[in-house]
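Enquirer: Have a look at the structure that comes next, please.
The values are calculated or read from the model by the stated rules, or taken from the named source; none is laboratory data. What you are looking at is a predicted structure, and each value in this text was computed from that prediction instead of being measured. Every residue, glycine among them, receives a Cβ derived from its backbone with ideal geometry; neighbour counts consider all protein chains shown.
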């Protein structure tokens, strides 16, 4: 049985760039993700750049998870192994369910592009309060890899045999309210 819709359903997305150095003008990764999301027909609800601070990242993503208006959170940056990289630690504790396949598939696709260096990517994803959260490395090429190899299809409600569109949306806090 397919979990796809016959019609495209745009999703409401928040994009977070985690960086100590990027600005709105130099955030090529965030710009790339927003451009691709918009071109695909999705809605950018909010976009922020935060410094690599575990607690600020966690607080922001938690606020978006709690929002009734945000279905998907995409983060770029902070997934490496430097002392300042803290996105996985900031976000993973918020997951109700981890999407193990996201990081696995990202590294598999990335291997064809950067070889064994892909083992230093801590890309990850999970679901929390009916919100999909995907954390990608900060390079624009890595965001392109994730978008083209995973996200463009998994955020498309018409993609068969399945996609994440049926799993995001109605928040548990809204259950029972119509």
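Enquirer: Among the residues that make up segment 74-92, is at least one of them within 15 Å of residue 168 (Cα to Cα), surrounded by 23 or more Cβ atoms within 10 Å (Cβ to Cβ), at pLDDT 95 or above and in contact with a strand residue (DSSP E or B) (Cβ under 7 Å, 6 or more places away or on another chain)?
Expert: The answer is yes; a qualifying residue exists.
Enquirer: In a strand (DSSP E or B), at pLDDT 95 or above and within 13 Å of the chain's Cα centre (by Cα) - does that describe any residue in segment 144-164?
Expert: no
Enquirer: Just to be sure I understand, how many residues within segment 83-99 are in a helix (DSSP H, G or I) and farther than 23 Å from residue 37 by Cα?
Expert: Summing the residues that are in a helix (DSSP H, G or I) and farther than 23 Å from residue 37 by Cα in segment 83-99 gives 3.
Enquirer: Based on this model, can you work out whether residue 99 counts as surrounded by 16 or more Cβ atoms within 10 Å (Cβ to Cβ), closer than 21 Å to residue 44 by Cα, in contact with a strand residue (DSSP E or B) (Cβ under 8 Å, 6 or more places away or on another chain) and modelled with pLDDT of 95 or more?
Expert: no
Enquirer: Scan segment 143-163 residue by residue and report those that are buried (at least 23 other Cβ atoms within 10 Å of the Cβ) and in contact (Cβ under 8 Å) with a residue 40 or more places away in the chain.
Expert: Listed by number, the residues that qualify are 143, 146, 151, 155.
Enquirer: Free of Cβ contacts under 8 Å to residues at least 60 places away in the same chain and part of a loop (DSSP other than H, G, I, E, B), is that true of residue 80?
Expert: yes
Enquirer: Another question, then. Specify which of the listed residues (7, 60) is touching a residue at least 12 places away in the same chain (Cβ under 8 Å), at negative phi, assigned to a helix (DSSP H, G or I) and more than 13 Å from the chain's Cα centre (by Cα).
Expert: 60
Enquirer: For residue 113, state whether it is without any contact (Cβ under 8 Å) to a residue 24 or more places away in the chain and either outside any helix (DSSP H, G or I) or under 18 Å from residue 143 (Cα atoms) (or both).
Expert: Taking the combined requirement at face value, the residue does not satisfy it.
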